Amino acid sequence: TFLYEVDTSIEGFGYKKDPRIKELRDKRNPEEDILVIFECTRDEIAHVPSQISENTKVYIGQLEPGIFQKLPEHLEHIYTTFPEGKLQAYNIEIGGKTKEDYKKALAEKNIKIGVYAQQLLESPEFVTLPSGEHIALVRLTVSDLGLSQGVTTDEIYQRAQEWGLELCSPEVGPALRLTTDTSEWMAIGIKQISDRDGNPHVFYLTRRDDGLWLGTYSAEPSYEWRAYNRFVFRIRKSDAG
């Protein structure tokens, strides 16, 4: 799992990819290694939607509309290509907390909150559920959605919803930050919340030299994103679920 960066990424000096990793991978047989890494059989790996069953443990293939409703609930190992094209699945609980509860919990974990993130947390648009609810999330890139460089926020949101995803509720920002210590930069796909000057923002997660952060990023509907930018969306429940 270390060589394929399944659980964590490998960095060389200066936080750059160590070129020796690719050299080592090129000498391996990923198709055989997958069976060991994920403790599964070939029948438990799906490469196209028609191969997906309740016994699927790993999906490695292209995404398409409705794919997330076909995958088994709580499936964690989702790839467009292995190992580079990993999507990250999260199952978290939201609700049952006030905005003050979230701010206190973030402070207790020494998680830094950006100035604008503080404004979003205090906004009347930041509403939390009165009771707890378990939800499924997925982190993917703009290119995973079949979109290229320069697509807008609106276009990304539209494609996500066409493919069976939904916008997250605002509290997913702090809730996911409290749940994971990932250092990856990822935007939370929410309906934009305006700061005090009326500028629309979304939450993002990242890690800096001084620790974990909950920040915000300007997200005008017409703002253009890069193909490698990461977003988190909620997986829409299937009609049967």
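The values are calculated or read from the model by the stated rules, or taken from the named source; none is laboratory data. Owing to the predicted nature of the structure, the values given are computational and were not obtained by experimental measurement. Cβ sites come from the backbone with ideal geometry, for glycine too, and all protein chains shown count toward neighbours.
Residue by residue, here is whether (1) among the acidic types (Asp, Glu); (2) touching a Gly at 6+ places or on another chain (Cβ under 6 Å); (3) closer than 30 Å to GLY132 by Cβ holds:
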{"site": "ARG42", "(1), (2), (3)": "no, no, no"}
{"site": "ILE60", "(1), (2), (3)": "no, no, no"}
{"site": "PRO72", "(1), (2), (3)": "no, no, yes"}
{"site": "GLU84", "(1), (2), (3)": "yes, no, no"}
{"site": "ALA89", "(1), (2), (3)": "no, no, yes"}
{"site": "VAL115", "(1), (2), (3)": "no, no, yes"}
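Checking each residue in segment 32-47 for being surrounded by 12 or more Cβ atoms within 10 Å (Cβ to Cβ) and outside any strand (DSSP E or B) picks out ASP33, ILE34, LEU35, ILE37, PHE38, CYS40, GLU44, HIS47. Given the structure, is ILE37 among the β-branched types (Val, Ile, Thr), under 21 Å from LEU165 (Cβ atoms) and either modelled with pLDDT of 90 or more or touching a strand residue (DSSP E or B) at 6+ places or on another chain (Cβ under 7 Å) (or both)? No; evaluated as a whole, the condition is false for this residue. Is it fair to say LEU121 is touching a helix residue (DSSP H, G or I) at 6+ places or on another chain (Cβ under 7 Å), outside the structural domain of HIS74 (by TED's automatic domain parsing) and within 23 Å of TYR79 (Cα to Cα)? The answer is no for LEU121. Does SER9 meet the test of being in a loop (DSSP other than H, G, I, E, B), at pLDDT 85 or above and of a type outside the set (Val, Ile, Thr)? Judged against the criteria, SER9 is not a match. Check whether at least one residue in segment 221-232 is within 20 Å of LYS99 (Cβ to Cβ), touching a helix residue (DSSP H, G or I) at 6+ places or on another chain (Cβ under 7 Å) and not aliphatic (A, V, I, L, M), and report yes or no. No, that holds for no residue. Exactly one residue out of GLN69, GLN119, GLN62, GLN88 is of a type in the set (S, T, N, Q), without any contact (Cβ under 8 Å) to a residue 24 or more places away in the chain and either surrounded by fewer than 19 Cβ atoms within 10 Å (Cβ to Cβ) or in a helix (DSSP H, G or I) (or both), and it is GLN62.
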